[in-house]
Structure formats: structure tokens, C-alpha cells
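What follows draws every value from the coordinates through simple rules; no lab data is involved. Everything quoted here is computed from the prediction, not taken from an experiment. Please note: Cβ atoms are built from the backbone with ideal geometry, for glycine as well, and neighbour counts cover all protein chains shown.
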DNA sequence: CTAGGGTTAG
């Protein structure tokens, strides 16, 4: 069919090119070679062409090389072109910005060849070839991908020198670059603010930059400014805004964004739908996420994975498993990310045998080489099930070295299941490898607490103080009347703090009457015991719940978002509160959801 | 020949 006709065209062109050499007519040969390359686009087969270019002596011809690099996503062709640019007999006076741009673009777009793009840029500058306005976006994108701030700044300087820094594309990519390189956001923001005219790409670059850095509040704020400025967001802007909502766990805001998308008639492409699904699932409304998913006309592996992960987070492991099976029946092959979602679903729901089965089918049937994340899921799964020895054996058998994440999982399982000596020794090696990682110390300190070695425990605290390390304070977020409130333990910054503290005390009395016993013995992963003893009742979570009980209508569900894992005392207290005050309480943890209802939690105390 | 976006273990 079409391929056939292209082949014919090529054969015919090759004939002409050959004729060109025969008569010694370089010009004709060049022309023929160019049309030949044009025709080759669809076939992407360059091997014969390489030979022909050499035979015709066109390897140094910039037009031919440019074309060669441009016609295909085939990196072999690009490598071939760049090899001539770098070859010792290269006549760089022949090469222009266009040739470099073409090759740089190809490298900048790939996952791991961005270094080559930068090398070509350096070569270009070294040859004295002036970049043009197309060069900068390519190069800056590569700098962004690699986090190369200082090179990015040099490139910026060059753009200024040649007068291209006011070009909208260049400026937007510059913002993107500064956002992607550590320490550059503020500068990006100043570039953004100084722009005389901002288009939707500028706004998206800046908002997306904030989101990537975890500055979701700033992202949302900037989106508000965008509306005030009257700029029209597109679907790409909205993806970033939604992912800010996801990060914050701000369901109300997310819902508002959804209605905004509808109202403004922003095109809901697959990526935007995926972002919506992810937002609803991670903000606590899996049902809605499922509904959106079911209504999507075209689904990608990302859509399937997002719902699977969503179900997993809500402890609905067996549904996640069926969805995964449905995906396969539908003809979508799982990739390594889909398996991470699936395995973590098994892990969170205690489906140990299923998880083991999938892990082996992943490697055998799908030939996916397990990554550290897959091993991590397996270790976590075994540890949660209390199979610490099996987990240890599994880690020894792994084909990759366990990373600190896996070792910390083991340590906390050791603590929970009484393997204290083992936990202590792993913990110590963790500390010597990562002396500035706070949770390594907290884990060891918790082990000493369990061993009743109070002096050693105190000593750890002193070491941390000496190193100037501070634990991440626990905080809890809640949305109320379009406001986001954030509580930290012992917080008194809120206007109504007196009422809230009175309410906390009242709740404590009611809970005691109902049989609640404060538990200061069980400590979870990142939480230090002393803080619990100090202020169990002042935990940010309890403050937020008290606030919600005070200021939301009776009977309405309460949704809160924690930045750490919920501690076991708060967990049992929240169960009591849900029953005493007849409220559904949805808590989003650092890694999953808890739905408290009638004195029980959806996680079945397994988390 | 140019820019901004989506799923990932604890």
C-alpha cells in the first residue's frame, strides 16, 4: 500500500542519485539524496542510506546531514549525523544553527540522551556557530531535564547576548528550566513577573513548576492570579492545577476545578481525565474516580493504573486486583508501573499469596525486570503480614542491593514483631550510611523504647540535636467554606483556638467515658514517643477533628489530610469519635486512606 | 526546526 509506493519512490530516487555521482554532478547528487531522505521518513530504515551518503561523498554536506537527522525519530540517524559533526575532518564552517538544532532537538526529546544535546550545544558554541531562537528552547529543555542550573544560566546569558531572551518560547522555557533546577524557582518567578505579556504556556510553566516542587499552595494561588489576570488556562494548565489539588488532598477545591473545566469548555483529553481520576481517588472519592474512569472513551495504561492505585489506597485490594485483570482482558499489557500499583494493592490488603503469584508472573510472563520498587512492595507485603524472617530471606535473595527504604521497612517490622536485635543492627548501619536522614534515628529510638533502653534512646535524641536535625512536625489539613486550614500539634495560631482546645478536652472526656484508653506505648514509623507523651491530645489530627465538629453541621462527613502516617493513638481515638459523634471521618494518611464509621476503620487496623 | 502536562514501593 502506502509503504510500497514509498519504496518505489525510493528506488526511483536512488537511481537518480546514482546517476548524479556517475556524471560527477554533486549538486544533482545532493538533491537526489535529499528527496531520498524525504521518502525515507515513513520507513525509518537508514542503513542503506548511510552507505549511499558515504558513497556519494555527502557525509559532510550540512543539508544532507540535517535532513538525515530530521526525518526520523530513529536515533541511529541522529547519532550518525552528530558523528560527522564531531569527526576530526569535520568542516564546521559548513554547519549552521539549523543542523545543530535538528540534532539537539532529537537528543533533548529522549529520556537519557540529554547530555548529548548539551554536548552538541557546547560544540556549536565552540565552532562559533551562533544559536538562533529555536536553539534555546531545545537546550534549556535539556538543562531542565538534567537539573543543570549553571549551564542553564550560561545559556540564558547567551540568549540575552543574541537578543532572544524576549522571545515568548525562549522565555517560557527559561521559566521551566529555572523551576526544574534546584534553587531556581524564585528566579523563575521573577522572570515570570517581569514578562510584559504572559500566555497560557507561561502560566502553566510556572504553576507546573510549583507543583513539581511540592509548592501546591503557591500553585493554587498563582492559578487564582491567572484568573484575575484574565488569562485563559488550557487543558495543560488544568492538569497542573489538579495535581496541586491532589497533593493537598483538597477535594472541595478539586471539585470546583472540575466544574470550572466544564464551565469553561476546556477540552477533556485523556491526560486531563487521568488527572481528574487521580485527584478524586487521592482526595478520597474513589467512587467518583471509578465513574469517570468508566465513562472514558479512550483509556491509557495511566488511566488503569491511576484507578488501581486509588483503590489500593482505600484498602480495596481485591477490587484493584479485579481491575488489573480486566485491564489485561481488555488487551492492555501491564507495564512496570501497573505492577507497582497492583503489588502495593496486595500489600495493603494482606493478599500475600496473590502478590507472590503476580510478582512471579510479572517476571516470567511479562518479562518485566523487577525494579527496586517492586521488591519494596514485596518486602512491605511480607512485613505487614508479620513474616519478618521471610522478608529478610527475600531481601538476601534480591538481585539488587536493598535501598534505605526497604531497610527501613524491615526495621519497623523488626520492632513490631520483636526482632529487636536485628532491627537495632540494621538501623545502625542505616544511620552510618545516611547520617542526616531523620527517620533512621526515629526508628532506632523507637526500638530502644521497645527494649526499655531509655538512656540509649535519650542519647539518640541528643545526637539529633547536635546535628541540628528536627523531626518533620505533624500537620493536618482541613477544608471549610473554601478555606484551607492547617493544624500543627499544639497550634494556637487559629483565631478560634480557645474553642478548639475546649472541644478537644470535651472529646477526651467523652471518649474516656466510652472506654478509650490513651496509648502512649505504641509508636508508629516517624513519630517520636516523647511528643506523644507531651501532647497526645494536642496532635494536629485531634485539633482538626475538634475544629470540624465545632464548625460543620452535625452528621456531615469530616475529611482531613495528614502529612505523616496516622499514629495509633489517633487511630483508636478517631474510631471512638466517629461513634460518639455519629460522623464519618475520612483521613488521608501519608500513604493511604482510613474511613472511620461507627467506631470502626476501613483499614481494619491493618496499615 | 521552538515552550508548559498524566500513573510509581515506605
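When a/c is below 1.5 the answer is rounded, else prolate if a/b is larger than b/c, else oblate, so apply that to segment A:310-362 with a ≥ b ≥ c taken from the square roots of the Cα gyration tensor eigenvalues. Oblate, because a/c is 1.5 or more while a/b does not exceed b/c. Could you state the angle between the C-alpha long axis of helix A:75-86 and the longest principal axis of the C-alpha atoms of chain A, as a value from 0 to 90 degrees rounded to the nearest 10? The angle comes out near 60 degrees.
Give me the number: length gained by fully extending residue A:403 to residue A:35, i.e. 0.36 nm times residue separation minus the C-alpha to C-alpha distance, one decimal in nm.
127.2 nm
Is segment A:477-601 rounded, prolate or oblate when judged by the Cα gyration tensor, a ≥ b ≥ c being the square roots of its eigenvalues, rounded requiring a/c under 1.5 and prolate requiring a/b larger than b/c? Write down the numbers at each step before the final one.
Values: a/c = 1.23, a/b = 1.14, b/c = 1.08.
The shape class here is rounded.
Does segment A:403-470 come out rounded, prolate or oblate by the C-alpha gyration tensor, with a ≥ b ≥ c the root eigenvalues, rounded set by a/c under 1.5 and, if not, prolate when a/b is larger than b/c and oblate if not? Oblate, since a/c reaches 1.5 and b/c is not below a/b. To the nearest 10 degrees, how steeply does helix A:114-126 sit against the main Cα axis of chain A, on a 0 to 90 scale? Orientation of helix A:114-126: about 50 degrees from the principal axis.
Once the Cβ-Cβ distance between residue A:83 and residue A:328 is put in as r, and R0 is 56 Å, what FRET efficiency do you end up with, to the nearest 0.05?
Details: r = 43 Å, r/R0 = 0.76.
Plugging the Cβ-Cβ distance into 1/(1 + (r/R0)^6) gives 0.85.
Placing pseudo-labels 7 Å out from each Cα toward the beta carbon at residue A:296 and residue A:502 gives an inter-label distance of 5.0 nm. Taking every alpha-carbon pair under 8 Å whose residues sit at least 6 apart, chain A reaches a relative contact order of 6 percent. Packing, as the average of other Cβ atoms within 10 Å across residues, places the peptides A:250-256, A:161-167 in the order A:250-256, A:161-167, highest first. Length available on full extension from residue A:259 to residue A:356: 0.36 nm per residue minus the Cα-Cα distance, which gives 30.7 nm.
Here the label points at residue A:590 and residue A:513, each 7 Å from Cα along the C-beta direction, are separated by 3.6 nm in the simple model. In percent, rounded to a whole number, the relative contact order of segment A:68-189 is 20, using alpha-carbon pairs under 8 Å and six or more apart. Residues within the reach of a label modelled at residue A:335 (point 7 angstrom out along Cα to beta-carbon, backbone nitrogen below 14 Å), restricted to segment A:341-370, are A:341, A:368-369. Angle check, please: helix A:286-295 long axis (alpha carbons) against the longest principal axis of chain A (alpha carbons), in degrees 0 to 90, nearest 10. The helix A:286-295 is inclined about 30 degrees to chain A. Counted over chain A, the DSSP beta bridges are approximately 80% antiparallel. For residue A:471 and residue A:48, a Förster radius of 56 Å and the Cβ-Cβ distance give a FRET efficiency of 0.30, rounded to the nearest 0.05.
Can you tell me how much longer the chain between residue A:484 and residue A:92 gets when fully stretched, taken as 0.36 nm per residue apart minus their C-alpha distance, in nm with one decimal? Write down the numbers at each step before the final one.
Working: separation 392, 0.36 × 392 = 141.12 nm, distance 5.89 nm.
In short, 135.2 nm is gained.
Both radii come from the Cα set of chain A: Rg as radius of gyration, Rh as Kirkwood radius; their ratio Rg/Rh reads 1.05. Beyond 16 Å, the tail of the calculated P(r) for segment A:100-169 holds 39 percent of the Cα pairs. Over the residues of chain A, the helix contribution to mean residue ellipticity at 222 nm works out to -20500 deg cm²/dmol, using -39500 (n - 2.57) for each DSSP H run of at least 4.
Can you give me the relative contact order of segment A:198-298 as a percent, contacts being Cα pairs under 8 Å and 6 or more apart?
Answer for segment A:198-298 is 24 percent.
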